[in-house]
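Here is the structure we will look at.
None of the figures in this text is laboratory data; all of them are computed from the coordinates on show. Quick caveat: nothing in here was measured; it's all calculated off a predicted structure. In this analysis, Cβ positions are derived from the backbone assuming ideal geometry, glycine residues included, and neighbour counts consider all displayed protein chains.
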There are 2 protein chains.
Amino acid sequence: MRVLVTGAGGFIGSNLVEQLLKEGYDVVGIDINFANMLDKGILKNKKIYLYDCNHISKNLQLIYDDINHIDRYPFIFVNRPFDSIFHLAASADIRKSLTDTNIDIKHNVLGTHKILEIMRVYDIKKLMFSSSSSIYGETKTIPTPEDVKDIRPISLYGASKLADEAFINAYCNIYGFKAWVFRFANVVGKYQHRGVIVDFINKLNNNPKQLKILGNGKQTKSFFDVSDCIEGFMNIPKKDKNDSMEIYNLANIKTMTVKNLADIVCNEIGVSPKYIYSGGDRGWKGDTPYTILDIKKALKTGWKPKYSCEEAIRRTVRYVCDFK
Amino acid sequence: MRVLVTGAGGFIGSNLVEQLLKEGYDVVGIDINFANMLDKGILKNKKIYLYDCNHISKNLQLIYDDINHIDRYPFIFVNRPFDSIFHLAASADIRKSLTDTNIDIKHNVLGTHKILEIMRVYDIKKLMFSSSSSIYGETKTIPTPEDVKDIRPISLYGASKLADEAFINAYCNIYGFKAWVFRFANVVGKYQHRGVIVDFINKLNNNPKQLKILGNGKQTKSFFDVSDCIEGFMNIPKKDKNDSMEIYNLANIKTMTVKNLADIVCNEIGVSPKYIYSGGDRGWKGDTPYTILDIKKALKTGWKPKYSCEEAIRRTVRYVCDFK
């Protein structure tokens, strides 16, 4: 089975490519960021990324470019057909869009449209898409199901993901695609290179006596392990024979506050810093202080997270610290 | 009061500019299409468009360009402040996006993002936006309220409008804008130059003995008069002191089938053609066969359509025929 993975060099993408190769898939990966990750030594799975750009190995071919340029590589499409596309490439930094207000439009909206066009032109019918719980904004419906009413993203990142879903649904309707959209909570784990846990570890490495926490620490989030994320991403589409676009929340049932998260990170590292809160009910503009997803629909397919919120965080701390 | 109108040369835009000037506003209009409309003799209100491009008159200034280039005209922003922006510019032809799959991204998504950036950069806080009932796709909730759950656009046009709303909401949240989003049903009336009524009239002019109707004629739509549309667009924001983004359906309460519409057009013209249906439950891919909007929220503000569905259609036929 031959698949295209966009964002193959990213945190979730690296884990996905690794698992796909383990299960015998032929993988073509595209990312703009392989080099960055090698430079920084972020990832241990360097063997995957040691191929030259555009090099073809037996089961893995990597393209080092922006997905907006994917049509510069027709050779990957014309020789052998793809079964499906795992589309993960995106600018995923909500805070970055506060200073660069074009970034979500460029990478997320135009990038996803480009992938949909590739599917149309080369007749690829199946899409697995990484969306985000941030599309729900400040919904009052908690836990939040996929079909909640009045969805209002409050960040440009969330807006771009809702825009993507809208275009995916239209393409499914017009061109007969099938798409599985996964709205993730906070994914953590192996190969992670940024996000709140990495931030905490970096800060504690600099000064183990105090830890600055953005917001009031009461923001409630669901953290879940990247291996559970990949399991859902790869296996739910096999079970769910949908006709057009199907949406799944993927998260842990239990949630925790950012203060609880800090406690676990500090405990795992073995430090007891003083917490300093930056104040306010959220970490930054566009941060959603209270995200609890209803995951009943995903559970019905047989998918279930293996690791609890706490286990996922402890595993992540161990990975990140081992890689330093 | 000084306002910017994008899409000022379009069907709804022409009517809006006319009304704004009547009420004493200072108007800056931008459109890529003034010339087209003059060439084709579509509009009678030529006096508005006889100014040279970029000419400044006492109350009206027109810019003949794509809204994606609006930042090439800083002089309109720096000299005198704008109270608000009426953003109507869009590619509004659902069928066209079946052959040009980039058009909605370019004009609607990037265009709207450009307007939001202009608001951010030049500190303009109020936006009135023309969205569309086509975002609702094939919702099962009929009549459809603004906050209906599981909104799934089935056309690229509908997807682009939902994308626009998502970005508008995010900008409102981050930058403190206030926005009024109007989801229109089928607007008809004065200065209309395309759409189903104009199509019917053109076909009947060519051959008054038969009329080809796309679909099975049973598609149900709400047609309402452009003067009622403008009334809502201009006056609801004055009454509704919202804090961020507020959405209103604007339509007639009563709806009718495309077959009924054809009957009224033929009756008004005075012909009795044989109807030939192209078949299927919809006119084209992405057409929604059954659109009935719940307009209670708009009615609560005091807004009410003056013209019924039938009156609006008859008025439109008269306008279009007079202008030939």
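Listed by chain and number, the lysines placed with their C-alpha closer than 19 angstrom to that of residue B:106 are A:106, A:114, A:161, B:96, B:114, B:161; residues fewer than eight positions away on the same chain are left out. Modelled spin labels at residue B:122 and residue A:281, positioned 7 Å past Cα toward Cβ, are 3.5 nm from each other.
For residue B:138 and residue A:274, what is the calculated FRET efficiency with R₀ set at 56 Å and r taken between the beta-carbons, to the nearest 0.05? E(calc), rounded to 0.05, equals 0.50.
The shape of chain A can be summarised by an equivalent ellipsoid whose semi-axes, obtained from the alpha carbon gyration tensor, come to 31, 23, 18 Å from longest to shortest. You can think of it this way: the chain between residue B:79 and residue B:19 has 19.2 nm of extra reach, that is 0.36 nm per residue less the Cα-Cα gap. For peptide B:170-182, the mean count of partner chain Cβ atoms within 10 Å of a residue's Cβ comes to 4. Here's the picture: charge each Lys and Arg Cβ at +1 and each Asp and Glu Cβ at -1 in chain A, and of A:266, A:118, A:74 the one pushed furthest to the positive end of that dipole is A:266.
Computed on chain A, with alpha-carbon pairs under 8 angstrom and 6+ residues apart, the relative contact order is 19 percent. Estimated from the Cβ-Cβ distance and a Förster radius of 56 angstrom, the FRET efficiency linking residue B:299 and residue A:259 is about 0.75. The calculated Kirkwood hydrodynamic radius for the stretch A:84-149 is 13.8 Å, given to one decimal from all distinct C-alpha pairs. The separation of the stretch B:55-106 from the stretch B:186-265, counted between C-alpha centres, amounts to 23 Å.
For chain B, the membrane-span-like helices by this rule, meaning whole DSSP H stretches whose C-alpha atoms cover at least 27 Å of axis and whose Kyte-Doolittle mean is -0.5 or above, are B:156-175; this says nothing about an actual membrane. Distant-in-sequence amide contacts of residue A:128, defined by a placed amide H-H separation under 5 Å and a gap of 5 or more residues or a different chain, comprise A:85, A:86, A:87, A:180.
Note that the stretch B:156-268 carries a Kirkwood radius of 16.5 Å, evaluated over its alpha carbons pair by pair.
The alpha carbon convex hull volume per residue for the stretch A:258-305 rounds to 107 Å³.
Shown here for the stretch B:266-319: trypsin sites (Lys or Arg not before Pro) in loop regions (DSSP other than H, G, I, E, B) with at most 14 other Cβ atoms within 10 Å, namely B:306. Listing A:113, A:69 from fewest to most neighbouring C-beta atoms within 10 Å gives A:69, A:113. Projecting the Cα positions of B:275, B:257, B:301 onto the charge dipole of the stretch B:235-324 (unit charges on Cβ atoms of Lys, Arg, Asp and Glu, taken about the Cα centre) puts B:301 furthest along the positive direction.
Charged side chains reduced to their Cβ positions (Lys and Arg at +1, Asp and Glu at -1) give the protein assembly as shown a dipole of some 680 debye around its Cα centre. Loop only per DSSP, at most 10 neighbouring Cβ atoms within 10 Å: give me the trypsin sites (Lys or Arg not before Pro) in the stretch B:132-166, ordered by residue number. Sites meeting the loop and neighbour criteria: B:140. Spin-label model, residue B:194/residue A:202: points 7 Å from Cα along the beta carbon direction are separated by 4.9 nm.
Counting neighbouring beta carbons within 10 Å and listing from fewest to most, the residues A:84, A:155 come out as A:84, A:155. Exposed loop sites here mean GluC sites (Glu not before Pro) with a DSSP loop assignment and at most 15 other beta-carbon atoms within 10 Å; chain A contains its longest site-free run at A:139-324.
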